1. Mind checking which residues of the range 131-144 are in contact (Cβ under 8 Å) with a residue 40 or more places away in the chain and aliphatic (A, V, I, L, M)?
2. With the requirement that a residue be in contact with a helix residue (DSSP H, G or I) (Cβ under 7 Å, 6 or more places away or on another chain) and either in a helix (DSSP H, G or I) or farther than 11 Å from LEU15 by Cα (or both), what does the range 73-88 give you?
3. With the requirement that a residue be of a type in the set (Ser, Thr, Tyr) and part of a loop (DSSP other than H, G, I, E, B), what does the range 100-116 give you?
4. Take the residues in the range 79-106 that are of a type in the set (D, E, K, R) and out of contact with any Asp or Glu (no Cβ under 6 Å at 6 or more places or on another chain); name whichever of them is modelled with the lowest pLDDT.
5. Evaluate the following for LEU40: is it in a loop (DSSP other than H, G, I, E, B), in the same structural domain as LEU72 (by TED's automatic domain parsing) and either surrounded by 11 or more Cβ atoms within 10 Å (Cβ to Cβ) or in contact (Cβ under 8 Å) with a residue 12 or more places away in the chain (or both)?
6. Within the range 58-72, count every residue that is touching a residue at least 24 places away in the same chain (Cβ under 8 Å) and either touching a Pro at 6+ places or on another chain (Cβ under 7 Å) or not in a loop (DSSP other than H, G, I, E, B) (or both).
7. Filter the range 117-142 for residues that are buried (at least 19 other Cβ atoms within 10 Å of the Cβ) and not in a loop (DSSP other than H, G, I, E, B); which is farthest from the chain's Cα centre (by Cα)?
8. Please go through the range 10-28 and give me each residue that is aliphatic (A, V, I, L, M) and either in contact with a strand residue (DSSP E or B) (Cβ under 8 Å, 6 or more places away or on another chain) or closer than 17 Å to GLY162 by Cβ (or both), ordered by number.
Amino acid sequence: MAAPRAVVFDLDHTLVRSPLDLRAMARDLLAYVRDRGVALPPRETRWSAPELARVVREEAPSLESGFWEIALSHERGALLEAELEPGALDSLRAVRALGFRTAVWTNNDGAASRQVLEQFALAPHLDLIVTRQEVRHLKPDPDGLRVIALHWPDLGDLFVVGDSWADGQAAQAGGVPFIAYRADREDLTQRGIAVWAWIAHLQDLPGLFSS
């Protein structure tokens, strides 16, 4: 018998469309960290929320509670204006009909993620939900794949679907194929992220596996 396969989806801008502004969140988190005396090395590129989270966890764990309150405030605000991504529900149903297990892997808070998945009736079509509470490190770190492997030790092929470079880098670091959904092709190319397939519509996803 062939090993089971799985499709793992990002949440924001993949299954759910929300106005969550990750750059604005990162700016607020950066100000919070710097205002509390955490020394950050100079760099040319902007700090992302996952990068700052790793610094706080490793160098200033006493700041974690306040750090995540800021992140959660951004996430809850965006949740109020969230919409179902076109084709998300049909795509989940279709890949499950092809025999795939389905999961969400998100950097978002667990309670907020489950709320939006219930709100848009996506939860019944998901076998596993992995949020920031379940991982040691956030994407672009591949640690979520470790969590998935612990839940599904019998798993064969696994595919990650996401919209951002962080999703692609996490998949690549974990050695699994990345399916880019409405992603910035130039950004992924510049970062050296390999893409197994590009899709502009979630309805196109099942067709990648049905031939």
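1. Passing the criteria: only LEU138.
2. Once the filter is applied, which keeps residues that are in contact with a helix residue (DSSP H, G or I) (Cβ under 7 Å, 6 or more places away or on another chain) and either in a helix (DSSP H, G or I) or farther than 11 Å from LEU15 by Cα (or both), the range 73-88 yields HIS74, GLU75, ARG76, LEU79, ALA88.
3. THR106
4. GLU81
5. yes
6. Our first condition is that a residue be touching a residue at least 24 places away in the same chain (Cβ under 8 Å); within the range 58-72, this holds for 60, 63, 66-68, 70-72.
Next, only the ones that are either touching a Pro at 6+ places or on another chain (Cβ under 7 Å) or not in a loop (DSSP other than H, G, I, E, B) (or both) stay: 63, 66-68, 70-72.
Selection size over the range 58-72: 7.
7. It comes out as LEU117.
8. LEU11, LEU15, VAL16, LEU20, LEU22 - these are the residues of the range 10-28 that are aliphatic (A, V, I, L, M) and either in contact with a strand residue (DSSP E or B) (Cβ under 8 Å, 6 or more places away or on another chain) or closer than 17 Å to GLY162 by Cβ (or both).
The values are calculated or read from the model by the stated rules, or taken from the named source; none is laboratory data. Everything numeric in this text was worked out from a predicted model, so none of it was measured. Heads up, the Cβs are rebuilt from the backbone with ideal geometry, glycines too, and the neighbour counts pull from every protein chain shown.
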